[in-house]
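First comes the structure, then the notes that go with it.
The values are calculated or read from the model by the stated rules, or taken from the named source; none is laboratory data. What you are looking at is a predicted structure, and each value in this text was computed from that prediction instead of being measured. Counting neighbours? That spans all protein chains shown, and the Cβs are built from the backbone with ideal geometry, glycine included.
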Amino acid sequence: MKITIVTGAFFPVPTLMGGAVEKVWFALGQEFARQGHEVVHISRAHPQLPASETIENVRHLRVSGFAQPRSGLWLKLLDLLYSIRVRLLLPPADILVTNTFWLPILSRNRRHGLLYIHVQRGPKGQMRFYAHAARLLAVSGAIADAIVAEVPPLKNKVRVIPNALPFKIVEGRGAARERVILFVGRVHPEKGLELLVRAFAQVPSAVRTGWRLRIVGPSAVEHGGGGPTFLAQLQQIAAETSADVEWIGPVFDNAELAHHYDRAPIFVYPSVAETGEALPVAPMEAMGHGCVPVVSHLSCFDDYIENGANGFRFDHRASDPTAQLTAQLSNLLQQPAEQLRDVGNAAQSKAAEFGFEPVAKQYLADFETLLAASAT
């Protein structure tokens, strides 16, 4: 099978500048190639990367892209320019996978492969332009429901396959954990970081003593963050309290990022993005390293976090969500290390279900189904 993967205009592959979706498809492409398929991955060009190279039997082509803008309208325009450039490079294929906005609209040549649209955020009206696609792939049940609600006639084209954990789980890691609550992700308002900083600060000092909140992730707009003003606001909130908050900044090296996961017993991802989250990769990565995840009540987490069993939830829609998260953190910080480890082990077992090998098998089986149907 010939498979082309096209990721977006703003992050290169490999992920020198971050990008959860790019990280997932980098791993999946290599697994497709290991299974004997011919894979081409097209992504944004970067000065440190050649225009063309082969990595683990995946042919990588790189196209001039852009720094991610703050304006959503400008982002769509830049995606259009990038998609036009990509369209000129598309090789003959059986399947064309993409998460871009415009390429599915521009690409209607069967020679480039059956169009397989990877929906990574809540749809905002664009699904009606994709009726010609072979598949609308949702990474969670919540996203699938949103697609069908937007365009009911496309229901039969919708399928759910989760995001893949982009590394192999190694059991027994993280034995020497610190007293750290970890966040990894974009430092952006939709991630609920102001809520997290305030909640941690409101944990009773006797309970919080010795614990540190560690925030890892980019704040720069071009990396998907909220910008320097938002970061300064967060840091000012923390400075006005006695809470110990550590600002690490962006970490794009996978080994360094794994070190942070391995050192933290608790991982908090308090996203308030009601329509923005599909199936966040960071909580899954944390679970793969045995962290206890604490997440909001967004429906995207329903697919893999069971409250009290392999993680914990708090109601971000409550009249006082800060109090909700404070109570959850206060309870966890008083739990014996053994109990946290048990929940972390359950989280790791759940994360194993999302490994890139089993998820790749689901994709390949779906590709084969679509190709068989198109041949009749």
*Go over the candidates Ala239, Ala273, Ala243, Ala264 one by one and state the one that is at pLDDT below 95, small (Gly, Ala, Ser) and in contact with a strand residue (DSSP E or B) (Cβ under 7 Å, 6 or more places away or on another chain).*
Ala243
_Boolean, Ala347 is over 21 Å from Leu195 (Cα atoms), among the aliphatic types (A, V, I, L, M) and surrounded by 14 or more Cβ atoms within 10 Å (Cβ to Cβ)_ = yes
*What's the number of the condition His46 fails, among (1) out of contact with any His (no Cβ under 7 Å at 6 or more places or on another chain); (2) outside any loop (DSSP other than H, G, I, E, B)?*
(2)
*For residues in region 46-76 being modelled with pLDDT of 95 or more and of a type in the set (A, V, I, L, M), which is surrounded by the most Cβ atoms within 10 Å (Cβ to Cβ)?*
Val58
*Is it true that Leu89 is hydrophobic (A, V, I, L, M, F, W, C) and either within 25 Å of the chain's Cα centre (by Cα) or not in a loop (DSSP other than H, G, I, E, B) (or both)?*
no
*Conditions: (1) touching a residue at least 24 places away in the same chain (Cβ under 8 Å); (2) of a type outside the set (A, V, I, L, M, F, W, C); (3) over 22 Å from Ala164 (Cα atoms). Glu53 meets all but one. Number of the miss?*
(1)
*Report yes if Ala337 is surrounded by fewer than 22 Cβ atoms within 10 Å (Cβ to Cβ), modelled with pLDDT of 95 or more, outside the structural domain of Gln30 (by TED's automatic domain parsing) and not acidic (Asp, Glu), otherwise no.*
no
_Looking at region 352-376 only, could you name the residues that are part of a helix (DSSP H, G or I) and touching a Pro at 6+ places or on another chain (Cβ under 9 Å)?_
Ala352, Phe356, Val359, Gln362
*Taking only region 31-90 into account, find how many residues are within 23 Å of Gly226 (Cα to Cα), touching a Ser or Thr at 6+ places or on another chain (Cβ under 9 Å) and of a type in the set (Lys, Arg).*
1
*asked:* If Ala323 meets every condition in (1) within 24 Å of Met17 (Cα to Cα); (2) more than 18 Å from the chain's Cα centre (by Cα) apart from one, which number is that one?
replied: (1)
*Restricting attention to region 82-91, does a residue exist that is more than 18 Å from Lys157 (Cβ to Cβ) and touching a His at 6+ places or on another chain (Cβ under 7 Å)?*
yes
*Give the residue that is farthest from the chain's Cα centre (by Cα), with candidates limited to residues of region 195-240 that are of a type in the set (D, E, K, R) and crowded, with 17+ Cβ neighbours inside 10 Å.*
Arg208
_Under 7 Å between Cβ atoms, which residue pairs at least 6 apart in sequence (or on different chains) link something in region 255-279 that is outside the structural domain of Tyr304 (by TED's automatic domain parsing) and closer than 13 Å to Gly122 by Cα with a partner that is outside any loop (DSSP other than H, G, I, E, B) and not polar (S, T, N, Q)?_
none
*Options Val207, Val184: the member that is of a type in the set (A, V, I, L, M, F, W, C) and in contact with a Phe, Trp or Tyr (Cβ under 9 Å, 6 or more places away or on another chain)*: Val184
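Would a scan of region 1-9 turn up a residue that is free of Cβ contacts under 8 Å to residues at least 24 places away in the same chain and either under 18 Å from Leu88 (Cα atoms) or in contact with a Lys or Arg (Cβ under 7 Å, 6 or more places away or on another chain) (or both)? Don't jump to the end; show me each part of the working.
Applying the first criterion (free of Cβ contacts under 8 Å to residues at least 24 places away in the same chain) to region 1-9 yields none.
Taking every residue of region 1-9 in turn, none turns out to be free of Cβ contacts under 8 Å to residues at least 24 places away in the same chain and either under 18 Å from Leu88 (Cα atoms) or in contact with a Lys or Arg (Cβ under 7 Å, 6 or more places away or on another chain) (or both).
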